[in-house]
Amino acid sequence: MFGYRVPAPDEAMLISGGRRGLGGAPFRVVTGHGKFVLPVLRKVRFLTLSMCESEVTETCVTRQGIALHVRAVIAFKVGNDHESIINAGQRFLSDQEQMSVLTGRIFAGHLRAIIGSMTVEEIVTERQKLAAEVLDTSKTEMAKIGLIVDSLQIQSIDDGDTGYIDAMSAPHKAAIQRQAQIAQAQATQASVEAEQAAARNQAEYARQTAIVKAEYSAEVDRAQAQAAQAGPLAQAHAQQEVLAAQTELALRQAKLRQEQLVAEVVKPAEAEAERVRILAAAEAQRMRIQAEAAASYDRVALDRMLIDQLPQIVKEAAGGLAGANVNVLNGADGLGEIAAGLVSQGLTILDSVRQNLSGQNSDGQHPAGQRSGEDGGGSSLLQLPTGKGRKSDDGPVDVD
C-alpha cells in the first residue's frame, strides 16, 4: 500500500518529521509492526538490530613490563529498548559501520588497562577472568552509545621474541614430557609383559596339549594291552574258578567223610565208652552199698556177741579178785565202787574191741582173730567171728 512501511525483524524503523519521538527524540521508533508514513512529509530510515562483530589486536604491557600481543573478538548489537535504539540511531544511523570501529577502540583501551594490572601468568592461566573484567568495565560506556556486548573472547596471547611464555611453560612441558616418557615406558613394559604373557600362555597351551596327547596315547596303549591280555586273563580266570570249585568240592567231600567217620566210628565208640562207664559206676555203687550193708551187719553181730559175753567177762574179772588181798576202807560203799570198777573195765574192753573191728572193716579186711586191749588187772583175748554174716564156733572169750 502506498505510504505504509514495515521494518524487518532485525531492524528498527526511524520516522522523522512531524511530531517528536519518545523523550524528545528527533524521530519515532517503530519495531515489530508496520506504520503508515505520509510521503514527502515524513522520512523513514532503518537501523540494524542484528549481531555485529569487532576484532581487536593490541599490544599490551603487563604489570611485569612484558609486552604481549593480544587478539580478541567482541560480539555486540544495538539494544532492543527504545532508549538504546535512539542512542545508537543518533550516533551511527548515517554510518552504521562505525559501530564496529568504535567498539574495537573502546575495548582496546579497556584491554590495555586491565592487562597492565595483571601478570603474564594470570593472563595466560585466567583468560576468562580477563574477559569478564573487560566486559564489566566497558558495559557502562557501551550502554551510552546504545550498544550491548554479548561476548568477549580472547583469541590469542603472544609475547613475541621474548620467550617468557615458553620459559614459563618449560617446567610444565618437561613434566609433561616426563609423564609422556613414563607413560610410554609403562606402555612399552605393558606391551612386553603382554607379549611375555602371551608367549607363556602359548607355551602352557603347548605343554598341556602335549600332556593330553601323551595321556591319550598312554590310554590307547593301555586299552590295546588290556585287549591283548583279555583272552589269557579270561582263560586264567576260568581255570582259577574251576580250581576253586574243585577245591570246594574236595573240602565238602572231606567234611562229609569226616561226618561219616564220626557217625560210624566215633559216636558208637563214645556210646560204648559211656555205657561201660555207667555200668562200672553202677557196679561200684552196688559193691559200696553191699560193703556198707555187710559192715553194718558185722557190727550188729559183734555188738550182740559182746553183749552176750559181757556178764562172763565181768564174772571172770570178779573171780580174779577172789584170792586177792583187798582192803576195803569204806565198807559197803567201797565194795560197790570195786564192782562198778569191774563193770567199767569190762565196758572199756568192749569199746576197744569194737573200735578195732570197725577200723579193720573199713579197710576191707576180715581177720580170723585179733588180740586187743590190756588192762591193769590182766589181759583178755576175744575170738572174732570168721566169714561174713556167720558167728564163730570157737566158744567164748577166755580171760586170764
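Results, tabulated for the structure shown:
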| item | result |
| --- | --- |
| Filter result (among the small types (Gly, Ala, Ser), open to solvent by less than 30 Å² (accessible area, probe 1.4 Å) and modelled with pLDDT of 80 or more) within the stretch 1-60 | Ala12, Ser54 |
| All helices (runs of 4 or more DSSP H) inside the stretch 29-139 with 2 or more residues being under 16 Å from Gln155 (Cα atoms) | 98-115, 120-125 |
| Tally of residues being buried (at least 16 other Cβ atoms within 10 Å of the Cβ) and either farther than 19 Å from Ser169 by Cβ or of a type in the set (Gly, Ala, Ser) (or both) across the stretch 116-147 | 10 |
| In the stretch 130-146, the residues that are of a type in the set (S, T, N, Q), more than 14 Å from Ala75 (Cα to Cα) and in contact with a helix residue (DSSP H, G or I) (Cβ under 6 Å, 6 or more places away or on another chain) | Thr137 |
| Ala295 in contact (Cβ under 8 Å) with a residue 24 or more places away in the chain and either surrounded by 10 or more Cβ atoms within 10 Å (Cβ to Cβ) or assigned to a helix (DSSP H, G or I) (or both) | yes |
| Inter-residue pairs, beta-carbon under 7 Å, first more than 16 Å from Asp81 (Cβ to Cβ) and in the stretch 24-46, second of a type outside the set (Val, Ile, Thr) and at pLDDT below 75, 6+ apart | Pro26/Arg20; Phe36/Gly3; Val37/Gly3; Leu38/Gly3; Pro39/Gly3; Leu41/Gly18; Arg42/Gly18 |
| Some residue of the stretch 152-163 being over 16 Å from Thr57 (Cβ atoms) and loosely packed, with under 11 Cβ neighbours inside 10 Å | yes |
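Yes/no per residue for (1) assigned to a helix (DSSP H, G or I); (2) open to solvent by 70 Å² or more (accessible area, probe 1.4 Å); (3) in contact with a strand residue (DSSP E or B) (Cβ under 9 Å, 6 or more places away or on another chain); (4) of a type in the set (Asp, Glu):
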residue: Ala197; (1), (2), (3), (4): yes, no, no, no
residue: Arg200; (1), (2), (3), (4): yes, yes, no, no
residue: Val212; (1), (2), (3), (4): yes, no, no, no
residue: Glu241; (1), (2), (3), (4): yes, yes, no, yes
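The values are calculated or read from the model by the stated rules, or taken from the named source; none is laboratory data. Small disclaimer: the values here were computed from a predicted structure and weren't measured. All Cβ positions, glycine included, derive from the backbone under ideal geometry; neighbour counts span all protein chains shown. Accessible surface is based on the protein model in full, side chains and every heavy atom, while ligands, DNA and RNA are left aside. Shrake-Rupley method; radii C 1.70, N 1.55, O 1.52, S 1.80 Å.
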